[in-house]
Every structure is written in C-alpha cells, then in structure tokens.
Amino acid sequence: MPARLAVHDLTLTYQSPGGYPLPALGPISFAVDAGAFVSVIGPSGCGKSTLIRILAGLVSPTTGQALLAQQAIRQPSSRVGVMFQEANLMPWRTVIENIALPLELTGVNQAARRQAALDWLPRLGLGDEFADAYPSELSGGMAQRVALGRVLIQQPDVLLLDEPFGALDSLTREQITLDLMRVWALNNQTVLMVTHNIQEAILLSDRILVLSQRPGQLIADIPVDLPRPRHIDDSYRAEFGAIASQVRIGLSGRSRGFGKVDLPGT
Ligand SMILES: Nc1ncnc2c1ncn2[C@@H]1O[C@H](COP(=O)(O)OP(=O)(O)O)[C@@H](O)[C@H]1O
Ligand SMILES: [Mg+2]
C-alpha cells in the first residue's frame, strides 16, 4: 500500500566543525499524497539530502515532524526504500546476489530469492546475461539499475531517491528515467526524488517542490498537469516548456508565492 508522507515545520540544524550551529533545512512543511511522484529541486547545499535522511529515519529533525502514514518517522523502516547517487553495490556479489540482498536479510531461501531477482531484471532494463556479472563489469547506468532493483525487491511503500542518476551521462540518464517511470506506473509507490534535472523532474512528477538556498525552505510548489503516459517527446510541448520556466523562475528566487499549496494534516 502506498503511504502518505508529510513534514510539518521541519528544521534541522547541524553542529559545524567549529562548534557553531549550521541551519541546514527548513522550516518546511509539505505533504506527498499516497502514490504520488514528487520531485525536489534546489540549490546545492540547501538541505535536500538532509531532508531525505530525515524521511529515511537516519537522522532526527531538530524541530518539527516527519510523518509516514500519520506516524512519526523515528528509524529506518522496510516500508521505505532509499537510493543515493552512488550504487554502493557489494563488489564480491553478483548482480542477482546484490538485488536479492534484502530478501536474504529477511530469510528468504536461495532459490526463491534468485527467482525473485531474475524476475526483476527485465523490468530494470537489464538482460539475463548480466545476472551473474559482478559490479566491476557493469557501466554506471547498469550499476544504478541494480541498486534500484535492490530497493524495489523489498516492495517498499515509499521510495526516497537522492539524485539517483546524477552521476550518469545524459543519454543513459534519459533511458533510466523512462524505465523508472514505467516501473513506478506498475507499482504505484509514493516517491520523493531529489534531482538537479528539470526535464527529468517534469517527465516523472506530479508536483515539483522548489527549495531556497540553505536552510532550504519551500519557495514554489508546482503542479505538473501533463497527461500520462509521458514520453521524451513531450519535452518539446509548450506546456512542458511553461512548467520548466516556472521551475527556473522559482530557482532564481523570482517566484512570487506558491502555486498549489498542499499542507500536511489530514
Ligand atoms: N553531518 C553534517 N554535519 C555538518 N554539516 C552538514 C552535515 N551534512 C550536511 N551538512 C551541511 O548541511 C548543508 C545541507 O547539506 P545537504 O543536505 O547535503 O545539501 P544538498 O543535498 O541540498 O546539497 C550543507 O551546508 C552541508 O555542508
Ligand atoms: Mg545532496
């Protein structure tokens, strides 16, 4: 079951190495409806990864709340899958063994987890011939597909993606974006994705949240009302360009207030 995510007056202040407080994020409030795909875009260092870490239950906020299905997030949960820019595969394990790792940790037997991982390969855009390859034999794009498979095989209700394709070349990135879109359409998970790429954000998302400079606050909440299924060619449409320019205006700090505001609560 996809679940609603919400943050309410969330802030996080780090302690700098010099010992003074470093406000990294917020105050920020927003909600992501169950089954929605929402992207977060904002300047480098504005607290996007911090937001992901709080929602993943890896760090606690300084003030405010982060909620998954109305429950405070206090620790990592198997309902929430997280993916970062680096694939972080285990180099001594094959593709199949990497994808199946979460099943191994929950005690699924070897034959069943191999079959489950094999079933994922085509959905991830990976050929069978890579099943028993090692990470050192994979391109960056393929490694990220394996990392995505390792997250998806647990069938999480929520996906948190922190610039998952940020290190890939643009063609690979485009292809993997389309694959992610297809996988999401099949699974209908709640997704919050951090990206620097406006085109990718528009293609994938129902809404785009634009954050200010550090400490990141919400400066625009832009709905993406383009029909689905979407295609790369949609990026040439006038409506697509209009949304892209709204995002750019938000990023440049020239935004006047909000688009549609979706406050957390019910
Ligand atoms: N563990 C930490 N301790 C101290 N400062 C941190 C820590 N992690 C991140 N920061 C600082 O907090 C700010 C926000 O970081 P981050 O969330 O990684 O930003 P983003 O992902 O948007 O680039 C940055 O100024 C960063 O240097
Ligand atoms: Mg980051």
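The values are calculated or read from the model by the stated rules, or taken from the named source; none is laboratory data. Predicted model, so just to flag it, every value in this text is computed and none were measured. With ideal geometry, Cβ positions are generated from the backbone for all residues, glycine too; neighbour counts draw on all protein chains shown.
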In the stretch 131-143, anything modelled with pLDDT of 95 or more and either of a type in the set (S, T, N, Q) or over 23 Å from the mean Cα position of the chain (by Cα) (or both) is listed as Ala131, Asp132, Ala133, Tyr134, Ser136, Glu137
All-but-one check, Val80 against (1) within 16 Å of ligand 2 (Cβ to nearest atom); (2) β-branched (Val, Ile, Thr); (3) within 23 Å of Met181 (Cβ to Cβ), failing number (1)
Contact list please: Cβ distance under 6 Å, first residue in the stretch 84-113 and free of Cβ contacts under 8 Å to residues at least 24 places away in the same chain, second residue surrounded by 15 or more Cβ atoms within 10 Å (Cβ to Cβ) and aliphatic (A, V, I, L, M), pairs at least six apart or on different chains.
Arg113/Ala100; Arg113/Leu103
Per-region count, the stretch 66-83, residues more than 18 Å from the chain's Cα centre (by Cα) and either in contact (Cβ under 8 Å) with a residue 40 or more places away in the chain or near ligand 1 (Cβ under 10 Å from one of its atoms) (or both)
1
May I ask you to verify whether Ala24 is within 16 Å of ligand 1 (Cβ to nearest atom) and either surrounded by 14 or more Cβ atoms within 10 Å (Cβ to Cβ) or closer than 27 Å to Leu251 by Cβ (or both)?
yes
Subset of the stretch 15-33 (residues that are in contact (Cβ under 8 Å) with a residue 24 or more places away in the chain and either within 13 Å of ligand 2 (Cβ to nearest atom) or more than 21 Å from Pro164 (Cα to Cα) (or both)):
Pro23, Ala24, Leu25, Gly26, Pro27, Ile28, Ser29, Phe30, Ala31, Asp33
Does the stretch 189-200 include one or more residues that are surrounded by fewer than 24 Cβ atoms within 10 Å (Cβ to Cβ), in a strand (DSSP E or B) and β-branched (Val, Ile, Thr)?
yes
Determine if the stretch 85-95 includes at least one residue that is crowded, with 16+ Cβ neighbours inside 10 Å, of a type outside the set (Asp, Glu) and at pLDDT below 95.
yes
(1) within 13 Å of ligand 2 (Cβ to nearest atom); (2) surrounded by fewer than 23 Cβ atoms within 10 Å (Cβ to Cβ); (3) within 15 Å of the chain's Cα centre (by Cα): which one isn't true of Ser44, the others all being true?
(3)
Against the condition more than 21 Å from Val183 (Cα to Cα), surrounded by fewer than 20 Cβ atoms within 10 Å (Cβ to Cβ) and over 23 Å from the mean Cα position of the chain (by Cα), how does Ala112 come out, does it pass?
yes
Might you check whether a residue that is among the aromatic types (Phe, Trp, Tyr), away from ligand 2 (no atom under 16 Å from the Cβ) and over 30 Å from Ala31 (Cβ atoms) occurs anywhere in the stretch 134-149?
yes
Looking at the stretch 184-195, is at least one residue of a type in the set (A, V, I, L, M), within 13 Å of the chain's Cα centre (by Cα), more than 16 Å from ligand 2 (Cβ to nearest atom) and more than 30 Å from Tyr14 (Cα to Cα)?
no
Of all residues being within 10 Å of ligand 1 (Cβ to nearest atom) and β-branched (Val, Ile, Thr) in the stretch 47-65, which is surrounded by the most Cβ atoms within 10 Å (Cβ to Cβ)? Just the residue, please.
Ile54
